[in-house]
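Engineer: Below you will find the structure I want to go over with you.
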Amino acid sequence: MQIGELAKATGATARALRHYEQAGLISSERAPNGYRVYDERAVVRVRNIRFLLAAGLTLDDVRVFLPCLDGDMPTAPPSDKGIRVAVERLAVLNERIAAQTAARDRLQAALRQATSDRIRPVA
């Protein structure tokens with residue numbers, strides 16, 4: 001199947017598929033006209049990649065799951081290595097959330113201060 005067909009079958013964009021291929025997560029052959037041609041199994045693989053990315057993993061994280069990408073990942077029991085990757089990614093996300101929350105709180109406090117200086121009770 002060509003890239004447009006794979007995109008339609010998986011909900012991914014052609015750009016995302018080229019990115020996954022560049023990252024070594026999927027592969028294609030080249031037709032005589034130069035177009036990418038994907039095996040039918042690429043549909044499952046791309047769906048699994050999208051499942052892992054939607055869960056919050058990065059493409060680098062997804063590489064750990066290469067041996068499993070052709071199976072039914074959403075229902076398969078996770079491996080110890082997969083759990084380790086997920087726990088590490090969760091820690092990174094929690095750190096980022098904490099940093100963003102702190103930044104929001106500082107901005108909110110600064111805005112409160114700035115607006116309280118402008119609004120003075122009428123005597």
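Here, each number is a calculation from the coordinates, and none is a lab measurement. Predicted model only: the values in this text are computed from it and were never measured. Positions of Cβ are backbone-derived with ideal geometry, glycine not excepted, and every protein chain shown enters the neighbour counts.
Engineer: Collect residues whose amide H, placed 1.01 Å from N in the peptide plane, falls under 5 Å from the amide H of GLN2; neighbours closer than 5 in sequence don't count.
Structural biologist: TYR38
Engineer: If I take R0 = 25 Å and measure r between the Cβ atoms of THR101 and VAL64 in this structure, what FRET efficiency does the formula 1/(1 + (r/R0)^6) give, to the nearest 0.05?
Structural biologist: Working: r = 29 Å, r/R0 = 1.15.
That pair, THR101 with VAL64, gives E of 0.30.
Engineer: What nm value, rounded to one decimal, do you get for the distance between ILE83 and GLU29 when each label is placed 7 Å out toward the C-beta?
Structural biologist: A separation of 4.1 nm, rounded to one decimal place.
Engineer: If one takes the longest principal axis of the Cα atoms in the chain, at what angle in degrees, from 0 to 90 and to the nearest 10, does the Cα axis of helix 80-118 lie?
Structural biologist: So the helix axis and the longest Cα principal axis differ by about 30 degrees.
Engineer: In deg cm²/dmol and to the nearest 500, what is the mean residue ellipticity at 222 nm of the chain if only DSSP H runs of at least 4 residues count, each as -39500 (n - 2.57), divided by the residue total?
Structural biologist: On the way: 5 runs with 74 residues, N = 123.
Here the helix-only value at 222 nm equals -19500 deg cm²/dmol.
Engineer: Considering the dipole of the chain built from charges on the beta carbon (Lys and Arg +1, Asp and Glu -1) around the Cα centre, which of PRO67, ASN33, ALA102 is farthest to its positive end?
Structural biologist: About the Cα centre, the residue reaching furthest to the positive side is ALA102.
Engineer: Got a sec to turn the phi values of the range 36-51 into Karplus ³J(HN,Hα) couplings, 6.51 cos²θ - 1.76 cosθ + 1.60 with θ = phi - 60°, whole Hz, x for Gly and Pro?
Structural biologist: Per-residue couplings from phi come out as 6, 10, 10, 5, 4, 5, 5, 4, 4, 4, 5, 4, 5, 4, 5, 4 Hz.
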